[in-house]
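Please read the structure below before turning to the comments.
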Amino acid sequence: MNDRVRAALDGLKAETESGRLGAARELQEHAAELSIEAEREVSEAFATEKVPWVRGALAQVLDVGAPPIGVGHTIAAPRWDEQIEGADPAVARRAINLSTKRVLHEVSAVVGRARVAARTDLSDAYPASETNRQLTYLYELCQGLRTLASATVSPKLEEFDLSQEVSALAESVEGQLLVRIRPEGTPNFTVRADRSLLGIAVRNLLVNAAEATESLRTDNDRVVVITWGASKKAVHISVIDRGPGPAPFLARSSGAGLSTKIGHSGYGLATASEAMRGLGGEVQLTRNERGGATALILWPGLP
Amino acid sequence: MRIDRLEVSGGFLDDFELDFTDGLNVLIGARGAGKTSVLELIRFGLGLPAITEEAGEDAVEQALAVLGDGAVTVYCSVGGDPLVFTRTGFDEAPSASRSYRAGMPLIVSQNEIEQIGLDPMSRREILGRLIAPSLRAEMENTSRAEVASIERRLEVQREEREEATEEAERKAELLLALEEAEKKQKKSGATLKKLEKLQLEVAEQSDQLGQLRAAADSYRQAGEGIDDWVEELRETQVERSLPELSSAAAESQVTKKLSKAEDLIERAVAELEAARSLVLDAAGEENGKATRLQKQVTKKTESLEKLQKGAGDIGRRVSALRQELKAVAAQEKRAKQLDKEIAKLVVKRDRLLDEGEGDAEARYAIRKKCADELTERFNHRIEVRVDKSGEVNAYEAALVELLQGSNLRYKNLAAKLAQSVSPRELAHTVEAEDPKRLARLCDIPADRARKLLAHLETHSLSPVLLAPLDDSVDFALLDGQDYKVTHDLSMGQRCTVVLPMLLAEEREAVVLDQPEDHLDNAFIVETLVSAIAERSEGGQVIVATHNANIPVLGEAMQVIVLASDGRRGFVASAGALDSDASVHAITTLMEGGREAFAQRAEFYDEHPDE
């Protein structure tokens, strides 16, 4: 990253409008050469910027690249099975489920033993070591695979109150992260779904939104809203955050394993998508006009 | 400000007296009983404006129709201190019992609730009412007048600099001309020597010519003298006649002598004429010489004059060019000085604009904080959004005016500029004379940017820089999968958003006229009633309504039943919610009577909502 880009990224945090506008104009000049980390910083600034000219300039920076997730654009969330072309969806899911479990069976114990051995070998130096960082990442990957295995089981449909389910999930995620989650939907709302699969999808999207939001500067921005309802054909759940929004590379990439959050495996969105496919549904992602993202779950879940 | 009492004398509500309590006051009554009239008289008595001018005119018309030639008195209190407003139909404005600086009650009719949602200024105003008065004072911006003054000075100085620069730009051309003129002047050095010689010759010959002319003149004068003499002699000869003498001898001698004398005279005349002839010959000779010399002198003089003229022209040209260069140098100096002064003024202006920006940031921060608190209060179901300097209408209007006559499609261009470039950024780009940057900023072709810049450079940007830029405020409702802003909401949804905003204000009384129109009962129960209930006990609300949920579920402190005999409206009863009169009025007027209510209840019992 060149010095001018670094200075401009720092300038996006300026107190004055003209300071931020100058920085945004500088970034427009270098939009084509921004790294993923720089794009993320621009996305964060865009999410909280409330001056039209600065926001316009930042939107142009984020719109560079083809095909971008421009402001207001929606894409289908990436999936695990999208590269298994022509396969029967149920067979593809079964394949993912079996292979994931097999990999986990082989790898989990090795990872666990490696972590114990590393802690012993490095002793006090372990917590701050690169070994710890990489092993933790490996552990998170295993956790992601474990969730994916759960997301690809055959669904067991039942009827339950979505409002209670969402409120419980919100409370659970809120407890883990320094973000307030506001459930706001129709009370006593009965849906038909696999409680576990839907839980995986909602939890992953909530965690994604909360993690995207928790680095924002003010308490008022660190809020995730989750709402639900139904149209004639489908039930919808929206998870709305004020974070940096989906990074432009998401639309250019082939799907799972990429994250806008540095240090995260990026499996959450793809796993949520896989879970909803099991229910005949899908997950869509939109970069909101005013910054942040809306992750939308849709499935034919009316009783 | 709390409304304590209303008194009306004259008109449809003659002798009307009504005391209001804290908390929720509900006015009920059949249609035509005067509910809206009471509220409009409160508005008229307090001199409160409506949301739009048109609504304001309608409100005044209605109040005047109700009041006739009567008067309305509204008793209020601010922090416990009484404040009384009185107004007749003839008064332009109400008279207050004392001077006051306090927030006024908010009176909103149903139509106005919808209008607030659609009108950006009203939305900002509604948010402004929710900001603490101490913070409102901090939102004033005072530097605009000073910026305007600097811009006027800049305009004058830029014009002056342009003139000075134009003059200074002649320097190269003048230096070239001077160089050429000086070369010519150098060449004319040889001519000067020739000129001196010629001058001497002309001077000498002129002397000679003078002498010749003097000589010829003296000959001429001598000739004239001889002529006179001859003439005198001839006259003597002619005029001398003697009388006859008595002696012939004497006469003969005399005659002889006389004859001799005549001969002598004749001879003298002849001699004189000969002398004159000599003189004239000599004069002719001198004149001939003079004429010849004169020709030479004339010729030389002509040459001399020609030489002198050439030398003079080049000298004068050199002198004039040097003078002009001195003037141009002065203009050059002036242009540089003006550059410095302009730069200083721009720095000063920018500093003031920075201060203004700081004020605007502070104002935005206050609004944003208030907006975030409200969003939190509404549990994010309604999101109150504030964009700093988002209200660009005045800026766009200033651009439209500025671009008129530019031969550009200025309306679209002005809208594009207002959306994508800040006024300061535009001013700096024009001051830097940078068409490429302008093209990039506005996303327009380079050719169009050049034309735009050329037009802007010749016009003052003051109106653009000074166009008031305020924050834009919008309300968004969580509807289905995502938020929708007021513009995209249905009429009922707009009320859903606006009513809780109006009721969030607790310092001043809020007066609502039939807010239930366009609203379903579910909203009234979930949002309106709960918003009323959430107000603290001291937060006064006066509502005229036909919906029983408002007084009953809102736990009204007072239910006022209005009635009319067709000619006059009056208070049929006023009391607590559970008073007999209130219960009777609610069950009959609002629920359609106990029997209807019982039937409905029975129906609901038979058909439970599972």
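Since every read-out is calculated from the coordinates, none of them should be taken as a lab result. The shown structure was predicted, so the numbers you read here are calculated from the model rather than taken from an experiment. Glycine also receives a Cβ, built like all others from the backbone with ideal geometry; neighbour counts cover every protein chain displayed.
Report the semi-axes of the equivalent ellipsoid for chain B in whole Å, largest first, where each axis is √(5λ) for an eigenvalue λ of the Cα gyration tensor. Walk me through the intermediate numbers first.
On the way: eigenvalues 2771, 251, 67 Å².
Equivalent ellipsoid semi-axes, largest first: 118, 35, 18 Å.
Order of A:TRP53, A:TRP299 from fewest to most other C-beta atoms within 10 Å? Could you put the intermediate results ahead of the total?
Values: A:TRP53 28, A:TRP299 25.
The fewest-first ordering by Cβ neighbours comes to A:TRP299, A:TRP53.
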Compute the relative contact order of chain B as a whole-number percentage, counting only Cα pairs closer than 8 Å that sit 6 or more residues apart in sequence.
25
Using +1 at the C-beta of Lys and Arg and -1 at the C-beta of Asp and Glu, which of B:LEU106, A:SER215, B:ALA585 has the Cα lying farthest in the positive direction of the dipole of the protein assembly as shown?
A:SER215
For A:GLU289, the residues 5 or more places away or on another chain with a placed amide H closer than 5 Å to its own amide H are A:GLY72
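Fewest first, what order do A:SER123, A:SER196 take by the number of other Cβ atoms within 10 Å? Show your work: numbers first, answer last.
On the way: A:SER123 9, A:SER196 15.
Ordered from fewest to most neighbouring Cβ atoms within 10 Å, A:SER123, A:SER196 come out as A:SER123, A:SER196.
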Would you compute, from DSSP H runs of 4+ residues alone, the mean residue ellipticity of the protein assembly as shown at 222 nm, taking -39500 (n - 2.57) per run and dividing by the full residue count, rounded to the nearest 500?
-19500 deg cm²/dmol
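Loop only per DSSP, at most 16 neighbouring Cβ atoms within 10 Å: give me the trypsin sites (Lys or Arg not before Pro) in the stretch B:1-73, ordered by residue number.
On the way: sites: B:ARG2, B:ARG5, B:ARG31, B:LYS35, B:ARG43; in loops: B:ARG31.
In loop regions of the stretch B:1-73 (DSSP not H, G, I, E or B), the sparsely surrounded trypsin sites (Lys or Arg not before Pro) are B:ARG31.
Can you tell me the dipole magnitude for the stretch B:393-468 around its Cα centre, using point charges on the Cβ only (Lys, Arg +1; Asp, Glu -1), in Debye to the nearest 20? Could the numbers behind the result be given before it?
Details: 10 positive and 9 negative charges, 54 e Å.
That gives a dipole near 260 debye.
Under the classification rounded if a/c is under 1.5, otherwise prolate if a/b is larger than b/c and oblate if not, where does the protein assembly as shown fall, given a ≥ b ≥ c as square roots of the Cα gyration tensor eigenvalues? Write down the numbers at each step before the final one.
Details: a/c = 5.25, a/b = 2.19, b/c = 2.40.
Oblate is the answer for the protein assembly as shown, as a/c is 1.5 or above yet b/c matches or exceeds a/b.
Rounded, prolate or oblate: which fits chain A, taking a ≥ b ≥ c as square roots of the Cα gyration tensor eigenvalues, rounded meaning a/c under 1.5, else prolate when a/b beats b/c? Display every interim value, and only then the final one.
Details: a/c = 1.73, a/b = 1.22, b/c = 1.42.
Oblate shape, in that a/c is at least 1.5 and b/c is the bigger or equal ratio.
Which peptide among B:572-579, A:16-23, A:290-297 comes first, and what is the full order, when sorted by highest mean count of other Cβ atoms within 10 Å?
Numbers: B:572-579: 15.2, A:16-23: 20.2, A:290-297: 25.0.
The most tightly packed comes first, giving A:290-297, A:16-23, B:572-579.
Taking the Cα centre of the protein assembly as shown as origin and charging only Cβ (+1 Lys, Arg; -1 Asp, Glu), how large is the dipole, in debye to the nearest 20? Let's see the in-between values first.
Working: 114 positive and 152 negative charges, 846 e Å.
The dipole of the protein assembly as shown has a size of about 4060 debye.
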Yeah, the stretch B:1-129 with a ≥ b ≥ c from its alpha-carbon gyration tensor (a/c under 1.5 is rounded, else prolate when a/b outruns b/c, oblate otherwise) is rounded
Charge dipole of the stretch A:3-63 about the Cα centre (unit charges at C-beta), most positive-ward option of A:ALA32, A:PHE46, A:ALA8:
A:PHE46
If the label point sits 7 Å along Cα→Cβ of B:LEU242, residues of the stretch B:250-293 with amide N under 18 Å come out as B:250-266
With charges only on Cβ, +1 for K and R and -1 for D and E, what is the dipole size of chain A about its Cα centre, in debye, rounded to 20?
560
For chain A: relative contact order, % (alpha-carbon pairs under 8 angstrom, 6 or more apart):
23
Could you tell me how far the Cα centroid of the stretch B:536-610 sits from the Cα centroid of the stretch B:20-40, in Å?
12
Give the angle, between 0 and 90 degrees and rounded to the nearest 10, that separates the Cα long axis of helix B:410-420 from the longest principal axis of the Cα atoms of chain B.
60
What average number of partner chain Cβ atoms lie no more than 10 Å from the Cβ of the residues making up A:52-59?
5
